[in-house]
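I have placed the structure first, in the form of C-alpha cells, so that the comments after it can refer back to it.
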C-alpha cells in the first residue's frame, strides 16, 4: 500500500479490502477476526469472571486497606469504626429512648447492634454498587476485564468490612450473656445468603447507576426508608401488634428483615425461633437466588455498553 | 499478493467506525439548579445531554508486523480511536474486528496511591489479566526495571510518597511487563528522566517484536519516525491520510506549519 493519497483512504472507506475485493466483514471472517468489544455468551462470561477471581479479591482488599491508610491508627479503624457505631446506638436507643419495648435488656442491645451491622452490610453494598461503574470509568476505559468484576469486588469489600464488625458483635453478644454455642454456626449460611443477595443488588444498581449517576444522590433516602421499615431498632411483630397482621408479615418477609432476624436467631441466647416468620430460611434462600441470578443476568445484558460516557 | 513469500494477515479491521461521547450537564452554559430543573421539565430528546462526535467514519486494515503511528492535533480523536479498537468504548455505528484481545499500554487507573508500590505491582498485574504465578515470576524484573529501589527501599512505601517521575516509571514498568498480541501505546514514551526514557524506548522495541501489531499515539514526530512504518493522520475525527511514515509526516508537517 504505497498509495498515500486520499484515494487510498476513500477506497478503504467503502469497506472493501484493496487486494481481495472483500468487504470488511468478509475479510474479518476469512482470517478469523472477531468483533472487538462484543458481549460474550453467559457461559463464557462466567468463565472469564472466574479467571479474574484473583483480581476481584485483590481489588476488594486493596480498597479496604486504602480506606484507612492515611489514619494514624491505620487498620485499627476497621474494628474501631463499628465499635463506635455500636456505642452510639447503645447510648441513643438503649439508654435514652429505651426502644426495647417487649424485649429484655440483655436481648435488646445485641439485637440492636446485629440489626445495625447487618443492615449496613446491605446498605453499603448498594451504595458501592451505584458507583461501581460510574465512579470507575477510568478503569473501565483503560483495561479489559468482565465489568461484573467491579460490583462483585465492591460487595466483597463490604463483606470483609462486616467480618471486622463481627468481632465487635461477638464481644457485645458475650457481654450481654449470649455465649458461643452450636447455633453460632448458623452465622455462616446467613452471611453466605446475604452476601449473594447483596452482590445481586450491587450488580443491578451498578447497571442502573452507570446510566443514571443521579441514583447516588437518591439512594441514601431510599435506603433510610428501607432501614426504618425493616425493624433495625425495634421488633416488628411487637411494634405492629395493633396493626393488621399482613403488614407485619410483609415487613418481616422483606430480605433485610429476614437476614437480620436469622442473624439474631443464630447469635442471641434469648431470641428464639418464635421471633422468626414462617419458612424464614426458605425465604432467605429464595431472595438470595432470585436477586443474585437476576442481577447477574441483568448486568451482563449491558456488558458491551459500560464505559460509554 | 497473497502468495508472496509472506502472506499479509490482517489483525485489526476498522469498518466505518463512528464514536459519539455523551456529556451530561453540558447542554447550556448555566449550571445552576434552576437551569437544571428547567431542562428536566422541558420535554425533548435527551435533555441536558450534549453529543460529541469524536471519530467519524474511520476505516483501515492493519496487518501483522506493522507498527502504526497515529498523529493529529489535540482532540482529533486519536486516543478515542485506540480505545475503540481495544473494545473499551462502544461504537455508535460501524465495527472493529480484531485478532485476539488488543490492549492499551497503561494501568494507571487500576493503581491506588494509598497502597505500597509492592501491592500496586501485584494489583496492576492482576488488572491486566496476568496470573499470580506470572506476576511472582516477573515481580523482580518490574521493580528492577523501574529503578524505584535504586535510591533506597521505596517499593514498600505508599505510592503517594513517590515523586511524579518515580510514579510514572513504576506505572510504565508494570504496564510493560505483559506481552500483547495487538499493543497500543498512548504517548507513554515521555516519562521519567533521560536514562529511563532510553530504557523504556528499548522496552517498547522489544514489545514491538513480540506483539503482532503496534499502535503508537505520539506528538513527537521523532518517536513516530523511530518506531513506525505506517502512519494514520486523524483530524477532527476523520482519517485524513493513511500511508508510509515519511510521506504522511511530510504532509502533516506542512499542515502544522513546521
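Evaluation of residue B:107 against the conditions (1) at the interface with chain A (Cβ under 9 Å from one of its Cβ atoms); (2) touching a residue at least 24 places away in the same chain (Cβ under 8 Å); (3) at negative phi; (4) in contact with a strand residue (DSSP E or B) (Cβ under 8 Å, 6 or more places away or on another chain) shows that the sole unmet condition is (4).
Tell me, which residue of region A:228-242 that is over 18 Å from residue A:89 (Cα atoms) and in a loop (DSSP other than H, G, I, E, B) is nearest to the chain's Cα centre (by Cα)? Out of the qualifying residues, it is A:240. Put simply, of A:49, A:84, A:57 the only residue that is surrounded by 15 or more Cβ atoms within 10 Å (Cβ to Cβ), part of a helix (DSSP H, G or I) and more than 10 Å from chain B (Cβ to nearest Cβ) is A:49. Check off (1) in contact (Cβ under 8 Å) with a residue 40 or more places away in the chain; (2) under 30 Å from residue A:268 (Cα atoms); (3) surrounded by 15 or more Cβ atoms within 10 Å (Cβ to Cβ) for residue A:101 and give me the number that stays unchecked. Among (1) in contact (Cβ under 8 Å) with a residue 40 or more places away in the chain; (2) under 30 Å from residue A:268 (Cα atoms); (3) surrounded by 15 or more Cβ atoms within 10 Å (Cβ to Cβ), residue A:101 violates only (3). Look at residue B:122 and say whether it is part of a helix (DSSP H, G or I) and away from chain A (no Cβ under 14 Å). No: the conditions fail for residue B:122.
The set of residues in region A:22-46 that are at pLDDT 80 or above and more than 9 Å from chain B (Cβ to nearest Cβ) comprises A:26, A:39, A:40, A:41, A:42, A:43, A:44, A:45, A:46. Being assigned to a helix (DSSP H, G or I) and surrounded by 22 or more Cβ atoms within 10 Å (Cβ to Cβ) is a property that residue B:84 has. Scanning region B:80-100 turns up one or more residues that are within 12 Å of chain A (Cβ to nearest Cβ) and at pLDDT below 80.
Regarding region A:197-208, can at least one residue be identified that is closer than 29 Å to residue A:270 by Cβ and assigned to a helix (DSSP H, G or I)? Checking region A:197-208: at least one residue is closer than 29 Å to residue A:270 by Cβ and assigned to a helix (DSSP H, G or I).
With respect to the stated conditions, residue A:246 fails to be over 22 Å from residue A:104 (Cβ atoms) and under 16 Å from the mean Cα position of the chain (by Cα). Scanning region B:92-112 turns up no residue that is more than 23 Å from the chain's Cα centre (by Cα) and within 11 Å of residue B:174 (Cα to Cα). Residues that are assigned to a loop (DSSP other than H, G, I, E, B), more than 11 Å from chain A (Cβ to nearest Cβ), on the phi < 0 side of the Ramachandran plot and touching a helix residue (DSSP H, G or I) at 6+ places or on another chain (Cβ under 8 Å): does region B:159-166 have at least one? There is at least one residue in region B:159-166 that is assigned to a loop (DSSP other than H, G, I, E, B), more than 11 Å from chain A (Cβ to nearest Cβ), on the phi < 0 side of the Ramachandran plot and touching a helix residue (DSSP H, G or I) at 6+ places or on another chain (Cβ under 8 Å).
Based on what the data block shows, is residue B:65 facing another protein chain (nearest Cβ under 9 Å), touching a strand residue (DSSP E or B) at 6+ places or on another chain (Cβ under 9 Å) and assigned to a loop (DSSP other than H, G, I, E, B)? No.
The values are calculated or read from the model by the stated rules, or taken from the named source; none is laboratory data. Bear in mind the structure is a predicted one, so any value in this text is a computation, not a measurement. Glycine also receives a Cβ, built like all others from the backbone with ideal geometry; neighbour counts cover every protein chain displayed.
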